[in-house]
1. Most fluctuating residue of Arg174, Arg15, Arg195 in a GNM of the chain with Cα springs under 10 Å: which is it?
2. How large are Rg and Dmax for the range 1-127 when only the alpha carbon atoms are used, in Å?
3. What residue among Val179, Val271, Val236 shows peak mean-square fluctuation when the chain is described by a Gaussian network model with Cα springs under 10 Å?
4. Enumerate the calculated ³J(HN,Hα) couplings along the range 118-128 in order (Karplus 6.51 cos²θ - 1.76 cosθ + 1.60, θ = phi - 60°), each rounded to whole Hz, writing x wherever the residue is Gly or Pro.
5. I need the GluC sites (Glu not before Pro) found in the range 1-96, filtered to DSSP loop residues with at most 14 other beta carbons within 10 Å of theirs.
6. Which number comes out as Rg/Rh for the range 92-205 once both Rg and the Kirkwood Rh are worked out on C-alpha atoms?
7. Net charge around Gln100, counting only other residues with Cβ within less than 15 Å of its Cβ (Lys, Arg = +1; Asp, Glu = -1)?
8. From a point 7 Å beyond the Cα of Arg220 in the direction of its Cβ, which residues of the range 59-85 have a backbone N at a distance under 16 Å?
Amino acid sequence: MALFSDVLLTADYDRTLTAPDSSIPARNLEAIGYFMDNGGAFTINTGRSLPMTRAFRDRVPVNAPLLLYNGSATYDLAENRIPFCREIDLDLWQTVRRCQALFPDLTVEVQGIQAHYCFRKDPMWEAFSEHNQCAWRLASPGDDLGPFLKFTLYGQIRDVTVASLFEAGEAELRRMDWVQEELLQEFGDRCEIFRAAARIIDVHAKGVSKARSARELQGRLGRKLLVCVGDGENDVSMLRDADYAYSPADGVAADRFETVCPCAEGSVADVIYKKIPEVLRKSS
């Protein structure tokens, strides 16, 4: 039996597998290769959509389906298909119009399978999408946008980098906190509301979580141990439910879970080289 053959390892992408500047430490990529070569099952468990995986899917080795949209869908790279997804139980266009009416200063985005969709001209949103290699479209009522998996509200987009959306002043934070509470009041009985970053709020189908998708994948793969790595609030359910959970030392969730090195130094590699071998030694 190979060293890691009992283990499914899922890692968040932004600020867990990546450094704050969105680069991927070479140490992480080397460690993932070592982990898989020794029998481990590895995948990304992210709030990113399928279109936003284009930035990394040819660079990050995985040998299990990607867990996307905060658990709303999985994508099998080997078979180029989506084995399952969970759709939001709301009318897409009514929901978009309601969000535009409630939050006219925010950018409303629907994250589809083929592209991300916006509903008014927004040059910064377009530049952000282009920079992050994400297909995008302007949509009009009646357009077929595919399965309704996730919609997102952005605060002001001032920069094309994902990292910039983690930064906000106190007034912006208060505004996005209020928006999150309003979304819970409006849609909370039928949706899950996640704060993906300081100026990003994600909305998904009720019951969706990174924890649920990771456990379901573990069952399909028949792995005994689920090990998870994540940094943010949308990772907390996954970390709490994992058999073993770790956060980068500079992560938002670092005060609640066992930590490894900061993300820029290769936090996923720390889990593979240090933490998982310790777990396996103790359980043998």
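1. Arg174
2. Final numbers for Rg and Dmax: 17.5, 58 Å.
3. Val179
4. 10, 10, 7, 4, 8, x, 6, 5, 5, 5, 4
5. Within the range 1-96, the qualifying GluC sites (Glu not before Pro) (loop, at most 14 other Cβ atoms within 10 Å) are Glu79.
6. Working: Rg = 13.3 Å, Rh = 14.3 Å.
For the range 92-205, the value is 0.93.
7. Working: positive: Arg97, Arg98, Arg120, Lys121; negative: Asp91, Asp105, Glu109, Asp122, Glu182, Glu186.
It works out to a net charge of -2.
8. 62-85
Every number in this text was worked out from the coordinates using simple rules, so none of it is lab data. This structure is a prediction, so every number in the text was calculated from the model and none was measured. Positions of Cβ are backbone-derived with ideal geometry, glycine not excepted, and every protein chain shown enters the neighbour counts.
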